[in-house]
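**Student:** Would you mind keeping the following structure in view while I ask a few things?
The values are calculated or read from the model by the stated rules, or taken from the named source; none is laboratory data. All figures in this text were calculated on a predicted structure; none of them were measured in a lab. Glycine gets a Cβ as well: all are built from the backbone with ideal geometry, and neighbour counts include every protein chain shown.
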Amino acid sequence: MSKILPLIFILSSCGAIGMQELPIIASQIYDFEKNNTLDVTKEFYNTKKFSFIKVNKGSGQSIMTLSTIEGNKYTWLNSLDEKIVTLNGRIIETKGFEKNMLLTTCKSSSGLRDFCDGYYEDQSHVSQTVFFSNPKALIDINSSIQDEEVNSPTIIHNHKIKLAKENFSANLINWKGVNYFWFDPNDDMPIKTIQYTHPMIEAIEIEFYFIYE
Amino acid sequence: MLVKNKKFFIFFLSLLSNFANASLDDYLYKFNHLPSYSNYGTIGLIQMPTARMMPAGSLAFSWSHSDPYLTGSVLAYPFNWFEASYQYTDINNAFYSDVALYSGKQSYKDKGFDVKFNILKESPFIPETSVGIRDIAGTAVFGSEYIVFSKKIFSNLDLTFGLGWGNLNGNSINNPLEYLDKRFKARTLRDGGTQGGELSPKRYFTGSAGTFGGFEYIFKNLNGLRFKLEYDGTNYKTEGFPYGKESFNFAFEPVKQPKKDINVGFVYPLNEFVHLKLAYIKGNTLNFGFSVAGNLGLKSTKLVKANKPKRIIISDKVKEMNVDQDRLFKSALFALKEQDIYLQNASLEKNKLKVNIAQSTFQSYPRTIGRTASTLDAISPDNIDTFEISNENAGMQMYKASISRKSFQRYKDDNFYKLAAKDIDLSPSIYSTEDYQFNPEVSYPEAFWSISPDIRTQVGGPDGFLLGDLRLNLNAEIIFQKGFSFLARGSIGLYNGFKELNYNPSTVLPPVRTDSVLYLKNTRDYAITRFQANKFKKFSKNTFSKISFGVLEEMFGGYGGEFLYRPFNKNYAIGFELWHLKQRDVKKTFKFQDYEVVSGHLNMFFLEPRSQVLLALRGGRFLAKDSGINIDFSRRFKSGLRMGAFFALTDISKEEFGEGSFDKGFYFHIPLEIFLGNYSTRNYENGIRPITRDGAAILNNAQWLWGLTDRAQAVNFDRDWDDLYE
């Protein structure tokens, strides 16, 4: 008998009357890796003790917890050994993903509050060099920043916030796009971002949830 | 002279340059790391082959329309130096036969096997070099041989030059091999008899030769778009049936002869795996097609990442409570079940915790050991220093792994699995309930069932190119007690596409397989595929047995059994099987026809551990009462993918066997976990036999001991120790 598509098998269902189950200390097993569709509600937010980000990288969602703060650099980790380092919401390093990046140099045309330090000053121009893994390459990227006032995209803020758009291009490899950064103009803290981190993967979407003691 | 030298120097640098900037090139020329496929179906330019190869463990499918041919190709790469392909060509200028009542307007179908061997890898000064034979054992309609050289001049420009024989001698030149031996001067159609399907070594590389060549250019920053140009070396005066009826009785019109020798084409990669092809050949013919190719042999890091072991928290509290022995056993039962590992028995001997487990989730045996040990480590009180893990399958214990807890813990954080593996003592084992203090009651009979859709097909027959039906399969296994089970499989027809099916090949042997058409036609509504009782028993640490009774496959039922001696620390096994069988009625009910046979084989297996190449020999009496040997080579890859090929030689003549001369084919088993995203031991199994005949037919034995006892040999652990802590 011929079976021409693996999908046929994938579609198949299976049930089992298994071994005798014994009720015992049910709470000892904690499955926290299957939460692929995660809505951050007020209740969820209130149960968290540490700041966290909700990361959507196309293939699935995960929650990453704030691990360290070094100046304006925030390092976020999850149980899959994935790591994201953000500078005021801008991704400057990823590790543990299929394709990773590291910002190596950054020059900005702005004066005091420049993009390279994590600020989104309108009309500034930036040139960066980024190291991409898999395949390894150093690529120069140029970008310009524009910002505007918008409503908050998350549950946390109920006042007007700012949206910065970064039009970027890496001419050598003909890669261009727009990164978005939503931030609170009162304290410059990031709220949400949609950023491209690697030319071979989709943009990463991050929502930031800071918890203050 | 100076200018010439300068040019040469620049050319020399360019040869080296494609090694220096390889990674940036991956961004500039997307999807450039894999070769593309020709219209003919193998890796190549437009019509011509190149010397390029896919990595070992790759599978590919290519389809193209190149008037008057529709070609479908299945390709396998068991080694990075070997391409094996099966070509199926619909030849639209000829009928299937010259008897209209038999084939109607069905076009002629040609099947052929091709091989290509990579004999030199590319280096800065040496081109990649391959030798290939098209239609190696077929009708020689497309028969040709070639040696081909490919060299990357820049990272996006790949040049190819080749020398061809047979249908690749379009611009006829003297055969250079004549200087070695005069026998290369003249070419015969094929060696041997009239049944086809045989190798023709005397034909290969004979007759006049011809040259061909071209290049493949990848456009910068155009998503991997490739342009191809070639000088076509095909001899269209000999390929296929060029002059219609003059060339072949069944042909009704000639093939368009070329106006030009230059072909041009484009390949556009949709993604890493799928390429679209468009070409203009012969100066008068537009071609199109696609190919799908990928390496399925690699370990999936995505799968590992998405299926990490479930963590056990509050471990210290659990350990404190589990000082109580009974609580420890029950805790192990529960905690292991969360990891899809089922505790069968457990025992505590001083500081050693012994568990006997069963699992059907993980292909990797070290992963099973690692997850079991990690779980036991998380819940066991600190005084326990050794875990002894036994694993059973079909009620028979397969292995015993004795693990030092301290060593397992020491290397875990750094994932030093090689050091940890050195401290794991593997040995064969045999089951006895008396060995265990904790024997959880299992409520027998235990039943497992599944429902799955199924498509049955018949490809390339005279009644239609593709006929098939859609069915619903019902699978059930009931375990009455350890080692005693009942296996049933039935199916219900949902859509019947076999109405047109009339083909019934003639045979001089008992129709043990050629009658499969009758079985397909008569089981439109429902069919019982299997209905068998199995008893498994282990006589000693290295010997396994099985006896079965009932409906044993689609066409045969009866009784019989198997015996396998599989020494744990060796890489070979020997066994035998003996069956008394009756042929089932064509409606696949519980009735039988008159034909009966005693079929049996002596089975020998030898695994070469480094390459994971398995040689399986099965000698004995086959279903049609012919005697001989089935020789099977296969290679297993890290992902669990297996590719294999077989042939069988028995005491019947080529004429008795019929078309194809002898039984042969290739097959592949693809682990479904690659597509599912979760660990699974299920495989998608398929194979290609050029033609179904009755000679060398073997019972399609379910739960074959060789497969069932795979984990009962230490050599099958060595390939997967890197999974220990995953």
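**Student:** Check off (1) among the acidic types (Asp, Glu); (2) in a helix (DSSP H, G or I); (3) surrounded by fewer than 20 Cβ atoms within 10 Å (Cβ to Cβ) for B:ASP98 and give me the number that stays unchecked.
**Tutor:** (2)
**Student:** Determine which member of the set B:ALA346, B:ALA335, B:ALA373 is in contact (Cβ under 8 Å) with a residue 60 or more places away in the chain, under 42 Å from the mean Cα position of the chain (by Cα) and either part of a helix (DSSP H, G or I) or more than 25 Å from B:ASN678 (Cβ to Cβ) (or both).
**Tutor:** Of B:ALA346, B:ALA335, B:ALA373, the one residue that is in contact (Cβ under 8 Å) with a residue 60 or more places away in the chain, under 42 Å from the mean Cα position of the chain (by Cα) and either part of a helix (DSSP H, G or I) or more than 25 Å from B:ASN678 (Cβ to Cβ) (or both) is B:ALA346.
**Student:** Go through the residues of region B:190-205 one by one and say whether even a single one is assigned by TED's automatic domain parsing to the domain that holds B:ALA94 and more than 28 Å from B:PHE657 (Cα to Cα).
**Tutor:** The answer is yes, given that some residue of region B:190-205 is assigned by TED's automatic domain parsing to the domain that holds B:ALA94 and more than 28 Å from B:PHE657 (Cα to Cα).
**Student:** Answer yes or no as to whether B:LYS546 is within 21 Å of B:ASP710 (Cα to Cα), modelled with pLDDT of 95 or more and of a type in the set (Lys, Arg).
**Tutor:** Spelling it out, B:LYS546 is indeed within 21 Å of B:ASP710 (Cα to Cα), modelled with pLDDT of 95 or more and of a type in the set (Lys, Arg).
**Student:** Applying the selection to region B:70-95, what residues are surrounded by fewer than 23 Cβ atoms within 10 Å (Cβ to Cβ) and of a type outside the set (S, T, N, Q)?
**Tutor:** Hits for region B:70-95 are B:LEU70, B:GLY72, B:VAL74, B:PHE79, B:TRP81, B:PHE82, B:ALA84, B:TYR86, B:TYR88, B:ASP90, B:PHE95.
**Student:** Assess whether B:LYS308 counts as being part of a loop (DSSP other than H, G, I, E, B), in contact with a Ser or Thr (Cβ under 8 Å, 6 or more places away or on another chain) and within 8 Å of chain A (Cβ to nearest Cβ).
**Tutor:** Here the answer is yes, as B:LYS308 does meet what is asked.
**Student:** Is region B:360-372 home to any residue that is among the hydrophobic types (A, V, I, L, M, F, W, C) and within 14 Å of chain A (Cβ to nearest Cβ)?
**Tutor:** Within region B:360-372 (the criterion being among the hydrophobic types (A, V, I, L, M, F, W, C) and within 14 Å of chain A (Cβ to nearest Cβ)), the answer is no, since none of the residues qualifies.
**Student:** For region B:431-457, give me each residue that is of a type in the set (S, T, N, Q) and assigned to a loop (DSSP other than H, G, I, E, B).
**Tutor:** B:SER432, B:GLN437, B:ASN439, B:SER443 - these are the residues of region B:431-457 that are of a type in the set (S, T, N, Q) and assigned to a loop (DSSP other than H, G, I, E, B).
**Student:** Residues B:VAL598, B:VAL586: which one is assigned to a strand (DSSP E or B) and more than 24 Å from the chain's Cα centre (by Cα)?
**Tutor:** Testing whether each residue is assigned to a strand (DSSP E or B) and more than 24 Å from the chain's Cα centre (by Cα) leaves just B:VAL598.
**Student:** Conditions: (1) within 14 Å of another protein chain (Cβ to nearest Cβ); (2) surrounded by fewer than 22 Cβ atoms within 10 Å (Cβ to Cβ). B:ASN393 meets all but one. Number of the miss?
**Tutor:** (1)
**Student:** In region B:606-695, which strands (runs of 3 or more DSSP E) lie fully inside it and hold 2 or more residues that are charged (D, E, K, R) and crowded, with 16+ Cβ neighbours inside 10 Å?
**Tutor:** Hits in region B:606-695: B:613-621, B:627-636, B:663-671.
**Student:** Quick one: is B:SER300 within 30 Å of B:PRO242 (Cβ to Cβ) and surrounded by 15 or more Cβ atoms within 10 Å (Cβ to Cβ)?
**Tutor:** When the stated conditions are applied, B:SER300 does not pass them.
**Student:** (1) under 30 Å from B:ASP594 (Cβ atoms); (2) at pLDDT below 95; (3) not aliphatic (A, V, I, L, M): which one isn't true of B:ASN678, the others all being true?
**Tutor:** All conditions are met except number (1).
**Student:** Answer yes or no: is there a residue in region B:268-284 that is in contact with an Asp or Glu (Cβ under 8 Å, 6 or more places away or on another chain) and in a strand (DSSP E or B).
**Tutor:** yes
**Student:** Spot the failing condition for B:PRO201; the list is (1) at pLDDT below 90; (2) closer than 16 Å to B:ASP135 by Cβ; (3) surrounded by 15 or more Cβ atoms within 10 Å (Cβ to Cβ), and only one is missed.
**Tutor:** (3)
**Student:** Another question, then. Are any of the residues in region B:335-347 away from chain A (no Cβ under 13 Å), closer than 16 Å to B:THR433 by Cα and surrounded by fewer than 19 Cβ atoms within 10 Å (Cβ to Cβ)?
**Tutor:** Yes, the conditions are met somewhere in region B:335-347.
**Student:** Filter region B:704-718 down to the residues that are buried (at least 18 other Cβ atoms within 10 Å of the Cβ) and in a loop (DSSP other than H, G, I, E, B) and list them by number.
**Tutor:** Scanning region B:704-718 gives B:THR709, B:GLN713, B:ALA714.
**Student:** Identify the residue in region A:74-93 that is touching a residue at least 24 places away in the same chain (Cβ under 8 Å) and either more than 14 Å from every other protein chain (Cβ to nearest Cβ) or aromatic (Phe, Trp, Tyr) (or both) and, among all such residues, is surrounded by the fewest Cβ atoms within 10 Å (Cβ to Cβ).
**Tutor:** Step by step, filter region A:74-93, then rank; the result is A:ILE91.
**Student:** Hey, another quick one. For region B:401-430, what are the residues that are part of a loop (DSSP other than H, G, I, E, B) and buried (at least 17 other Cβ atoms within 10 Å of the Cβ)?
**Tutor:** B:TYR411, B:LYS412, B:PRO428, B:SER429
**Student:** What residue, of B:TYR565, B:TYR519, B:TYR559, B:TYR572, is aromatic (Phe, Trp, Tyr) and within 14 Å of chain A (Cβ to nearest Cβ)?
**Tutor:** Among B:TYR565, B:TYR519, B:TYR559, B:TYR572, only B:TYR519 is aromatic (Phe, Trp, Tyr) and within 14 Å of chain A (Cβ to nearest Cβ).
**Student:** With the condition kept exactly as written, say whether any residue in region A:191-204 is modelled with pLDDT of 90 or more, over 19 Å from A:ILE91 (Cα atoms) and within 14 Å of chain B (Cβ to nearest Cβ).
**Tutor:** No, there is no match, as no residue in region A:191-204 is modelled with pLDDT of 90 or more, over 19 Å from A:ILE91 (Cα atoms) and within 14 Å of chain B (Cβ to nearest Cβ).
**Student:** For region B:431-439, does any single residue satisfy the condition of being within 14 Å of chain A (Cβ to nearest Cβ) and either at pLDDT 90 or above or surrounded by fewer than 19 Cβ atoms within 10 Å (Cβ to Cβ) (or both)?
**Tutor:** Yes: one or more hits.
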